[in-house]
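To keep things clear, I will list the structure first and then write my remarks on it.
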Amino acid sequence: MELSDGDETDDGTSTHDRDDSRTTDKHDDGPNGTLVVAQGTFDILHPGHVHYLREAASMGDELVVIVARRSNVDHKAQPICPASQRRDVVDALKPVDRAILGHESDIFVPIEELDPDVIALGHDQHHDEDALADELERRGLGCEVRRASGVEPADDERYSSRRIVERIVERRG
Ligand SMILES: Cc1cc2nc3c(=O)[nH]c(=O)nc-3n(C[C@H](O)[C@H](O)[C@H](O)COP(=O)(O)O)c2cc1C
Ligand SMILES: Nc1ncnc2c1ncn2[C@@H]1O[C@H](COP(=O)(O)OP(=O)(O)OP(=O)(O)O)[C@@H](O)[C@H]1O
């Protein structure tokens, strides 16, 4: 059977499914460190992602990244790479202590499990900060919501997964 679109091998599994055994805890953070959570699709990595993750890491002592499931990427084109692949690559990045697969339907489930001190929203993430803060409060989660800065590419560079795909299609399609 051909797995055409990727996420399918990890559909229906929890954030602590079998694939997470392949991730590594790079630091032994104590219980009192500031835990920061970042999130996104991270389909085709570029320096904008690195900028975001470095900035998110600088907001605390430990950075956990939630990698979006295909089912939650409904505001733009579906990712090319499967979620487990996207997660593994993000997990290998220096600023990242741990990357996990997001929940399929309720994005607050991993947040409840992680109980972070800070949620670092990306500069262009569509989530509304006030609405997010309200929902966190409703669920009894004391957590600061911060917005990271964006970085623009120079010259011929592409700091957007969509723009990289567009260029591939343009040049190779
Ligand atoms: C606090 C927070 C938690 C999230 N948790 C999940 C999750 O568990 N599962 C998921 O698929 N997406 C989750 N997301 C959503 C995605 O990370 C993301 O915003 C979106 O689906 C991907 O698009 P983007 O890369 O343009 O942000 C979360 C977003 C936020 C702000
Ligand atoms: N140029 C950038 N500068 C700063 N942060 C970025 C940049 N590009 C992406 N990010 C951040 O990285 C996280 C993951 O982004 P995402 O996977 O949506 O990548 P993207 O390149 O923006 O994708 P697309 O081009 O398909 O919209 C988000 O929080 C997003 O704000």
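The values are calculated or read from the model by the stated rules, or taken from the named source; none is laboratory data. These numbers were taken from a predicted model, which means no experiment stands behind them. Neighbour counts are summed over all protein chains in view; Cβ atoms, including those assigned to glycine, are modelled from backbone coordinates with ideal geometry.
Put simply, of GLY150, GLY102, GLY142, GLY122 the only residue that is small (Gly, Ala, Ser), more than 16 Å from PHE42 (Cα to Cα) and either surrounded by fewer than 17 Cβ atoms within 10 Å (Cβ to Cβ) or within 13 Å of ligand 2 (Cβ to nearest atom) (or both) is GLY142.
The residue that is nearest to ALA57 (Cα to Cα), counting only those in region 124-144 that are under 15 Å from the mean Cα position of the chain (by Cα) and free of Cβ contacts under 8 Å to residues at least 40 places away in the same chain, is ASP124. Going through (1) assigned to a loop (DSSP other than H, G, I, E, B); (2) touching a residue at least 24 places away in the same chain (Cβ under 8 Å) one by one, LYS94 falls short only on (2). Looking across ASP124, ASP106, one residue alone is of a type outside the set (Val, Ile, Thr) and within 15 Å of ALA38 (Cβ to Cβ). It is ASP124. When every residue of region 98-111 is checked against the conditions, at least one turns out to be more than 9 Å from ligand 1 (Cβ to nearest atom), of a type outside the set (Gly, Ala, Ser) and over 25 Å from HIS75 (Cα atoms). With respect to the conditions (1) part of a loop (DSSP other than H, G, I, E, B); (2) within 13 Å of PHE42 (Cα to Cα), LEU53 falls short on a single one, namely (1).
Selection within region 56-74: residues that are part of a loop (DSSP other than H, G, I, E, B) and either within 20 Å of VAL165 (Cβ to Cβ) or touching a Phe, Trp or Tyr at 6+ places or on another chain (Cβ under 8 Å) (or both). The member of this set that is farthest from ligand 1 (Cβ to nearest atom) is ASP74. Kindly indicate which of ILE100, ILE80, ILE111 is among the β-branched types (Val, Ile, Thr) and farther than 20 Å from GLU55 by Cα. When all the criteria are applied, what remains is ILE80.
Taken together, SER71, SER149, SER160, SER105 contain a single residue that is touching a Ser or Thr at 6+ places or on another chain (Cβ under 8 Å) and in contact (Cβ under 8 Å) with a residue 40 or more places away in the chain, which is SER71.
Restricting attention to region 84-99, the residues that are farther than 20 Å from SER58 by Cβ and within 14 Å of ligand 2 (Cβ to nearest atom) add up to 4.
Name the residue that is modelled with the highest pLDDT, counting only residues in region 71-80 that are surrounded by fewer than 20 Cβ atoms within 10 Å (Cβ to Cβ) and of a type outside the set (S, T, N, Q). Only one residue tops the list, namely ILE80. Take the conditions over 25 Å from PRO47 (Cβ atoms), charged (D, E, K, R) and surrounded by 15 or more Cβ atoms within 10 Å (Cβ to Cβ) and apply them to GLU112. Does it pass? For GLU112, the condition - over 25 Å from PRO47 (Cβ atoms), charged (D, E, K, R) and surrounded by 15 or more Cβ atoms within 10 Å (Cβ to Cβ) - is not met.
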